[in-house]
Amino acid sequence: MPKVIHIATECYPAAKAGGLGDVVGALPKYQNQNGFSAEVIIPQYNLPWISEQTKEKVYSSSISVDNETIHFSINKVIDQTLGYALYFADIKGKFDRPSIYLHSDGKGFADEVERNISFQRSVLQWLSVEKYSPDVIHCHDHMTGLIPFMTQYSPDYHKLKDKPIIFTIHNGQYHGAFDWKHKNQLPNYDLKHNGLLDWDNQIHSLASAIKCAWHVNTVSPNYMQEIIENSDTLQSLYHQEKEKCSGILNGIDDQIWNPATDEMTYSKLKGSNFKNFKSENKNALVQEYNLVRRRPLIGFIGRFAHQKGADLLCHSIEEALSSNLKINFIILGSGDKIIEQKVKGLSDKYPREVIALIMYNESVARKLYAGCDFMMMPSRFEPCGLNQLFAMRYGTIPIVHEIGGLKDTVRDIDDGGEGLVLKGLKPEDFLYNYKRVTELYQNRTRLQNQIKFISQLNYSWNKSAQEYISLYKRYLKKVTT
Ligand code: ADP
C-alpha cells in the first residue's frame, strides 16, 4: 500500500491548540480505512498525553544548525488505538516544554524560528532513511512550509526529491516569515534558488511552500477562492500559483465526536432522543453556572484573536442585554488580554446572563457543544471552522458569518439550511439574528425539527479523506510516467 506521512505541529489527542490538531488527528485514520497507509509525525512536547505513552525509539541522529549541534530521536507510539502510526521528533532543548506555541503569559516562544527549522530538518533526515521513506509527503501550515523547498533544492535530502509534496493551509494569516539573518540555520542549498525562499525580503515559510509544493490546498473551497481574490501581501502569489491550488473541506472524526459515547458531556445521547439529550445537558449547564432559566443559550468557543470576532460578539451582547433581549451567553476562550477583560466585564455586569470561561479546556468545550442551543461564530475570516460541525453533531444550531468555510457548511434556516447566517458583522446584523434566536426558541416544533435535521447530517472525514487520496494518486502517477 502506498504511504503518506503527515508532518505537523499538532495532532489530537497528543497535542492540540485548535483545528489543526483535530484535522491531523483524524484525517490519517480515515485514509488508512480508505486504502492509503497514513502516518503522522509531530514534535515531542512535554504534554501529559505524550508523557503517558510507551514509545519505541526508531532513529536517532543530530543536525548542525548555525554551529549548534542538535541531537534528536524519533520515537514511535506503541499504542495502536489511534488508527495510524504516530511518531514524535524528540529534539532536546526545543520542544520539551509544557505547551505547544506559547509561554504561560500568552507570548510566543522567542526561538520559534530555530524550533521550526530544527523540526523540519530532523524529520527530513529521518525520512531520508530508506525504510521510513514515504511515497507522499503532506505538510501542514507554515511551521512545515520550508519542507517543499528543502526536499527539492537541498542536496542533504536528495533522496526525497521526487516525492510529491502536498501543502495544506489551515490558516493563511500566519506566515512564518523571518529575517534573512537566520539563513545559516537552513540546510545546504544552491544560493541561486534564494528567490524560492523569499517574499518581501524575508524568508517566508508560507510563500515558499506555495511556490515549491506540488499542490496547495486550503481546508474549504470557498476560503481558497477568497484568498485568491483578496489576501493582502500574498495575493499575487496565490494568483500566480492558482492552477495547483484547490480547496478540500475538513470533516470531523465522528467516532470521537459522538454524543452517544462522549464521556466529557454531562449526559449521553440515548438512541436518537435529542430532545432529552439537549435538555439534560442544558439543564446541567444552567445549574452549574446559575444562569437565568428558560432562555435560549448561545455559546462561543474559540481563540480571542481578531479573526474570531469575540470583540464584536461582546459589543453585541451588551447591546442585546441592555435592550432587554432575553438570551444567555457562555463564552469559552482565551488570548487577547483586552478581549478577555471585555468578556469578564460583561459577566461581572450580567452574572446570570453571561458566563466567562477564560481558559482552554476540551472537556468544558464538549459540555458547551452538548448543552447550548446555539453556537456563535462571528469570524472575520474562517479557513473552514470546525466548531459549527461539532455543534451540529451535538444538535446545536450554528450562527455563522457568511464567510470562508462557514459559507460552505451552513446555509440559512429560512432557505432550508442548517443555521442562522449573519450577512455582515455590524451591530444590526447581530441584533437581527438575536431576535430570530428568540423567535425560533419559542417555536418549539421548528426548533426540534431543526435539531433533528442538523444532528443527522454527515460531516465524516470519509469523503474528504478520499479526495486527498485521489490527489496523492494523481501526483504519484506523474512520478511514474
Ligand atoms: P482554529 O482557527 O482555532 O483552529 P477551528 O474552528 O478550526 O479554529 O478549530 C477550533 C478547535 O479548537 C475546535 O476543536 C474547538 O472546540 C477547539 N477550541 C477552541 N478554543 C477552545 C477552548 N478555549 N477550549 C477548548 N477547546 C477549544
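Could you tally the net charge around Q31, taking each other residue with its Cβ under 13 Å from the Cβ of Q31, Lys/Arg +1 and Asp/Glu -1?
Around Q31, the charge tally is 0.
With axes computed from alpha carbons, what is the tilt in degrees of helix 274-288 against the longest principal axis of the chain, rounded to the nearest 10 within 0 to 90?
Once rounded, one gets 90 degrees.
Amide H neighbours of W461 under 5 Å, at least 5 residues apart or on other chains, H built in the peptide plane: list them.
Amide H neighbours of W461: I252, D254.
On a 0 to 90 degree scale, rounded to 10, what angle separates helix 337-349 from the longest Cα axis of the chain?
Between helix and principal axis, roughly 20 degrees.
What is the dipole size for the range 46-146, taken about its Cα centre, with +1 at each Lys and Arg Cβ and -1 at each Asp and Glu Cβ, in debye to the nearest 20?
The dipole magnitude comes to about 160 debye.
How large is ³J(HN,Hα) for each residue in the range 400-405, as worked out from phi by the Karplus curve 6.51 cos²θ - 1.76 cosθ + 1.60 (θ = phi - 60°), to whole Hz, x for Gly and Pro?
10, 6, 7, 7, x, x
Based on other C-beta atoms within 10 Å, arrange S231, S347 from fewest to most.
The most exposed by this proxy come first: S231, S347.
Rg/Rh for the range 134-192: what does it come to with C-alpha atoms and Rh from Kirkwood?
0.98
Give me the Kirkwood hydrodynamic radius of the range 408-481, using the inverse of the mean 1/r over all pairs of distinct Cα atoms, in Å to one decimal.
Mean inverse Cα-Cα distance, inverted, gives 15.5 Å.
Report ³J(HN,Hα) in whole Hz for each residue of the range 38-49, in order, from the Karplus equation J = 6.51 cos²θ - 1.76 cosθ + 1.60 where θ = phi - 60°; Gly and Pro get x.
10, 10, 9, 10, 9, x, 8, 7, 8, 10, x, 4
Once phi is turned into θ = phi - 60°, what whole-Hz ³J(HN,Hα) does the Karplus curve with 6.51, -1.76 and 1.60 give for every residue of the range 100-108, x standing for Gly and Pro?
Computed from phi, the couplings for the range 100-108 are 8, 10, 10, 5, 5, 7, x, 8, x Hz.
Give me the three principal axis extents of the chain from the C-alpha atoms, as integers in angstrom, largest value leading.
66, 45, 42
Where q = 0.12, 0.14, 0.15, 0.19 Å⁻¹, what log10 of I(q)/I(0) comes from the Debye formula for the range 1-142, counting one point per Cα?
Debye intensities relative to I(0), on a log10 scale: -0.45, -0.62, -0.72, -1.19.
Any chance you could list P(r) for the range 165-227, counting all Cα-Cα pairs in 10 angstrom bins from zero, rounded to whole %?
20, 49, 25, 6
Dipole of the chain, Cα-centred, from +1 at each Lys and Arg C-beta and -1 at each Asp and Glu C-beta, to the nearest 20 debye?
1080
Considering the Cα trace of the range 258-332, what is its radius of gyration and what is Dmax, both in angstroms?
14.7, 41
Which net charge results for the neighbourhood of Q53, defined as the other residues with beta-carbon distances under 11 angstrom from its beta-carbon, given Lys and Arg at +1 and Asp and Glu at -1?
Around Q53, the surrounding residues sum to -1.
Taking the Cβ of each residue in I330, I70 as the centre, tally the other Cβ atoms inside 10 Å and list the residues starting with the fewest.
The most exposed by this proxy come first: I70, I330.
Can you list residues from other chains, or at least 5 along the same chain, whose modelled amide H is less than 5 Å from the amide H of F304?
Amide H neighbours of F304: S334, G335, D336.
In Å, what Kirkwood hydrodynamic radius results for the range 274-458 from the alpha-carbon pair distances?
Result for the range 274-458, one decimal place: 16.0 Å.
Per-residue ellipticity at 222 nm for the chain, helices alone: DSSP H runs ≥ 4 residues times -39500 (n - 2.57), over residue total, nearest 500 deg cm²/dmol?
Using -39500 (n - 2.57) per qualifying helix, the result is -11000 deg cm²/dmol.
With +1 assigned to the C-beta of every Lys and Arg and -1 to the C-beta of every Asp and Glu, and no other charges, what is the dipole magnitude of the range 274-458 about the Cα centre in debye, to the nearest 20?
It comes to approximately 540 debye.
Holding the Cα-Cα limit at 27 Å, pick out from K29/K131; K76/K308; K242/K473 the pairs that are longer than that. Walk me through the numbers on the way to the answer.
On the way: K29/K131 21 Å; K76/K308 35 Å; K242/K473 20 Å.
Check vs 27 Å cut-off fails for K76/K308.
Can you sort V343, V437 so the residue with the fewest Cβ neighbours within 10 Å comes first?
Fewest-to-most ranking of V343, V437: V437, V343.
Skipping prolines and chain starts, which residues have an amide H placed within reach, meaning under 5 Å, of the one on N217, given they are 5 or more residues away or on another chain?
F167, T168, I169, S246
Laboratory data are not the source of any read-out in this text; all were calculated from the coordinates shown. Because the structure is a prediction, the values reported are computed rather than measured. Positions of Cβ are generated from backbone atoms using ideal geometry, with glycine treated the same way; all protein chains shown enter the neighbour counts.
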